[in-house]
Amino acid sequence: MIPRYAAVCIDTLHGELDRLFHYRIPAGMDVQAGMRCVVPFGKGNKPTTGYVIELTDTTEAQTSRIKDIAALPDDFCVLTTETLSLVRWMRDKYYTTLISCIRCVAPTAKVGKAFPSTRALGARKPKKDFGSDKPEVTLTDDQAYAVNVICSALSAAVFLVHGVTGSGKTEVYLHTISHVLAQGKQAIVLVPEIALTPQTVDIFTARFGDAVAVTHSRLTAGERFAIWKRALEGTVSLVIGPRSAVFAPFARLGLIVIDEEHEHTYHSETSPKYDTREVAVKRAELTGAVVVMGSATPSMESYLAATENPQAYQLLRLPNRINLTFPEVHIIDMRREFSRGNTSLFSKDFADALKEVLAAGRQAILFLNRRGYSTFVSCRWCGEVLSCDQCRVNHTYHADTGSLLCHYCGRGLPLPEKCPSCTSVHLRRFGVGTQQLEAEVARLFPNTATLRMDMDTTRGKFGHADILSAFRRGAAQVLIGTQMVAKGLDFPQVTLVGVIAADLSLFSGDFRAGEHTFQLLTQVAGRAGRSDYAGRVFLQTYNPEHYALQFAREGRYEAFYAHEIAVRRTMDYPPFTHIFSVMLSGPIEKEVIAALHKLQAIMAYCNKKKRFELMGVSPAFVSKVKQKFRWKLLVKCAEEEPLKQFVLYCIGKLRENDPLSEITVHLSLNPAMME
Ligand code: ADP
Ligand code: ZN
Ligand code: ZN
C-alpha cells in the first residue's frame, strides 16, 4: 500500500511550532521518511523547507484543508532511519525542538535549493606532515591488552581508556580503527578542537590516507556537505573532527573514539545543548557500535561510571609513559615570594629556570589560564581565598559594586578590609592576563622572541596553526598562552613549563574548579620533557597545599579522584545530583532580575513537597555579554527527568503571565562550566 500522507517537521525555530504537520503526497512522488521537502506553509502558503518524519495512510487533519508537498529537492534522505531516531531522542533528552536537533544532525541548504555537487570539490590529498615517517610500532603489553579487549567486544560496549600522558593512547585508537575498517565497518574519531590537535589529526591521515575525512569549524557549507555525503555513501570510512563529527551518517558504524573525553568542548553551548559522550553512547545503542573514550584525567562522571557500573563502562588502564620520564614538577609557594619582597609575576626559581633554558637555546611554555573575567580575592600573607561558607566555592569580586558574590547560591558581601583568617591587609584581587605576562617576559629578558596564543591572536583562519608551526620552527623561544597551549602538543625542544597562576582555575567560582585545575595542570605538565631532554614544570600558587595541585604534582589521578568524588558526595554535587541552570538575559538588568525572582516564586510555590532544591538568584559567571545582562538560578534534584519536567513547567507558567519579550531563556542541565 502506498502511504498517502507525510508528517513533516517545518524548518522554523518558533518553539510553538514544535509539532508535525500533515501533507498529502502527490501521485508519483517517491517520498521517504528522512527526506527534505518543500511545502506551502502559513498564511501566504510560503514555500518552506520541511523534513519528512513519518509516512502515514491516515491523517487527523481535515482532508479538505490538507495541502500537497510541493517538491523534493534531493534524491536521498538527509536523515537515516538511525539519525531520525537520534533526533527524536535528542529532543526529549535536551528539552528542545525537533527542528533544532535536525539542524544539528542533517546538512542544511536554502529553501528548495539542491546541495552543492560533491563531484566538483575534487579529490583530497592526504597530508603527510607528521607521523607518516614513524615506523609501525610494536604495541606494549598494556596497549595490546586494551586493543584486544576492545576488538573482541561484541557490540554497543563503552570503554574508558585511562592512560597517563604519553602512554600511547593514540596507538590503541589506531589499531582498534584498523580492526574495525578491516571488517568493512566505519569509525568516527572525536578530538576536543581540531585547530589545537594538528599532530593527532596528521597521524590519522597518514595511517589511513584516502579513507579519512577531517571536519572542522572553518569549513565552508559546501565542504561540510561533501564530507557528510561521502560518509553517507561510504566513500570515506573514517571521519575525524570536533563534537559535530559525532553525527557522521555512516550506515555501518562500528566505532566512536572520544579522545580527551573530559574536555568541556564536548558539551555544546548552543541549543540543543548536547553532551557528545551521551550522543555517542546513544548512537552505539542504536547501531551496535563500540565507544572508546580516552583520557589521562577522566571526568568524574566517566570514572565513577567505569568504577561503579562496570557493566556499562569498562575501564582499561595504560599506567606507564612510553620511553619518556615524567617531568619534575615543582610547586612554588608565592606567599613566601611575597614575604621575601618579590612582587613580580615570576617566582625566583621560575625566573632562574627560564634564564637557564633561554641560555641553553631551548624552549619554554608559559601558561596563564585567564578564563576568569571576574576575579577572586586571596590573602598574599596566608593564602586564604575568600569563599562562600555555604557552598565551598570561592567568592568572585565584582569591581562595579566593590562586592564579593557567590556564583552558586547568590549570597554576597562587601569586600572586607582585612583577611578573615589572619587579619592581614594584603588582600589581592587576581585578574592578570596573557598580555601583561608577555610584557613581563619582555621586561626581564629584553632580547627574547615570544609568541602569544590566546583568543586575541588566533582569530585568522590559520591563527592556531601559524603560531604553533612558528614555535616548532624555533621562531620564538617562549610560547605564552591560555589553555590553548595545554592540549596534546608535542614539542621536543620544550624543557620548561611555567604555570603562572595555578590559582586562577582553582578559584573560578565553579564547583568543578578542582577537577578542571587537576586536568589542566596534568595536561600542561605533560607538555614538558617529551624528548631526551629532561623537563621541568613550575606551578606558582598561593595555595600550595591544595589537593588538586598536590595530586597533579605527583601525577596521581586515582588519589585525586578519590578525594574529589568524596567532596562531590558530601556536598551533593554532580555526578550525585543533577543541577539545572536557568539563565535569563536581556538589555535591562532590573527586568532580568525581576523575571528571575518571579520564576523563583513560581518554583517555590510548585515545590511544596520540597523535592527540588532551589538556589538563589545570582549573576552569571560572565554577567554581561554584548549589552545583555545575564542572571541565573540553579535547581537541584537527584533525578534528571522530574527535574527537567519541573523547570520546564515553571518556565511555562512564567511565560503565561509575562511574555518575556526582551528576555531570552537559556537552559542547561549539569553545565560543564558554570555560566
Ligand atoms: P598519549 O596520547 O597517551 O598522550 P601518545 O599516543 O602521544 O600518548 O604516545 C606517546 C609517544 O609514544 C608517541 O610519540 C608515540 O608515537 C609513541 N608510541 C606509542 N606507542 C608506542 C609503542 N608501542 N612503541 C613505541 N612508541 C610508541
Ligand atoms: Zn590572610
Ligand atoms: Zn554560596
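Observations, loosely collected:
- Of the beta bridges in the chain, as assigned by DSSP with both residues counted there, near 50 percent are antiparallel.
- Contact order relative to length of the stretch 196-337, as percent, for alpha carbon pairs under 8 angstrom and 6 or more apart: 16 percent
- Gyration tensor (alpha-carbon) shape descriptor, the chain, a/c threshold 1.5: oblate
- Residue 435/residue 325 FRET efficiency (R0 22 Å; Cβ-Cβ; nearest 0.05): 0.05
- Helix 141-151 and the longest principal axis of the Cα set of the chain meet at an angle near 20°.
- Sorted by Cβ density within 10 Å, fewest first, the residues 11, 92: 92, 11
- Angle of helix 589-606 to the longest C-alpha principal axis of the chain, folded into 0 to 90 degrees and rounded to 10: 70°.
- Cα gyration tensor, the stretch 216-294 - rounded (a/c under 1.5), prolate or oblate: oblate
- Within the stretch 331-355, backbone nitrogen closer than 15 Å to the virtual label 7 Å beyond the Cα of residue 534 toward Cβ: 353
- Between the beta carbons of residue 264 and residue 614, assuming R0 = 22 Å, the FRET efficiency works out to 0.30 to the nearest 0.05.
- Exceeding the 29 Å Cα-Cα cut-off - candidates 590/644; 418/598; 418/628; 608/632; 624/653: 418/598; 418/628
- For the stretch 170-221, alpha-carbon Rg relative to the globular expectation (2.2 N^0.38 Å, N residues): 1.18
- Rounded if a/c under 1.5, otherwise prolate or oblate - the stretch 475-580, Cα gyration tensor axes: prolate
- Helix axis angle, 198-208 relative to the chain longest principal axis, alpha carbon, degrees: 50 degrees
- Helices in the chain, meaning DSSP H runs of at least 4 residues, each add -39500 (n - 2.57). Divided by all residues, the mean residue ellipticity at 222 nm is -9500 deg cm²/dmol.
- Each other residue within a Cβ distance under 11 Å of residue 512 adds +1 if Lys or Arg and -1 if Asp or Glu, for a net charge of -3.
- The trypsin sites (Lys or Arg not before Pro) of the stretch 10-39 that meet both conditions, a loop assignment by DSSP and at most 12 other Cβ atoms within 10 Å of the site Cβ, are 19.
- Bridging of residue 355 to aspartates and glutamates at a Cα separation below 19 Å is possible for 328, 337, 438, 440, once same-chain residues fewer than 8 apart are set aside.
- Counting neighbouring Cβ atoms within 10 Å and putting the fewest first, the residues 75, 490, 454 line up as 75, 490, 454.
- For residue 337, neighbours were defined as the other residues whose beta-carbon sits under 10 Å from its Cβ, and their charges (Lys and Arg +1, Asp and Glu -1) total +3.
- Cα→Cβ-extended label distance, 7 Å offset, between residue 567 and residue 138, nm: 4.4 nm
- Charged side chains reduced to their Cβ positions (Lys and Arg at +1, Asp and Glu at -1) give the chain a dipole of some 1300 debye around its Cα centre.
- Spin-label zone in the stretch 149-172 - amide nitrogen under 17 Å from a point set 7 Å from the Cα of residue 307 along the C-beta vector: 160-164
- Label positions at residue 217 and residue 576, each projected 7 Å from the Cα along the C-beta direction, are separated by 3.5 nm.
- Full-extension gain in nm, residue 45 to residue 593, via 0.36 nm per residue minus C-alpha separation: 193.2 nm
- Spin-label model, residue 59/residue 423: points 7 Å from Cα along the beta carbon direction are separated by 8.2 nm.
- FRET efficiency, residue 76 to residue 210 (Cβ-Cβ, R0 30 Å, nearest 0.05): 0.85
- Among 468-478, 223-233, 495-505, the order from most to least packed when residues are scored by Cβ within 10 Å on average: 495-505, 223-233, 468-478
- Going by neighbour counts of Cβ atoms within 10 Å, the residues 634, 415, 368 line up, fewest first, as 415, 634, 368.
- Over 20 Å (Cα to Cα) - which of 110/282; 46/93; 610/636; 43/67 fall in this group: 110/282; 46/93
We did not get these values from a lab; they are worked out from the coordinates using the rules stated. As the structure is a prediction and not an experimental result, all values here were calculated from the model. Cβ sites come from the backbone with ideal geometry, for glycine too, and all protein chains shown count toward neighbours.
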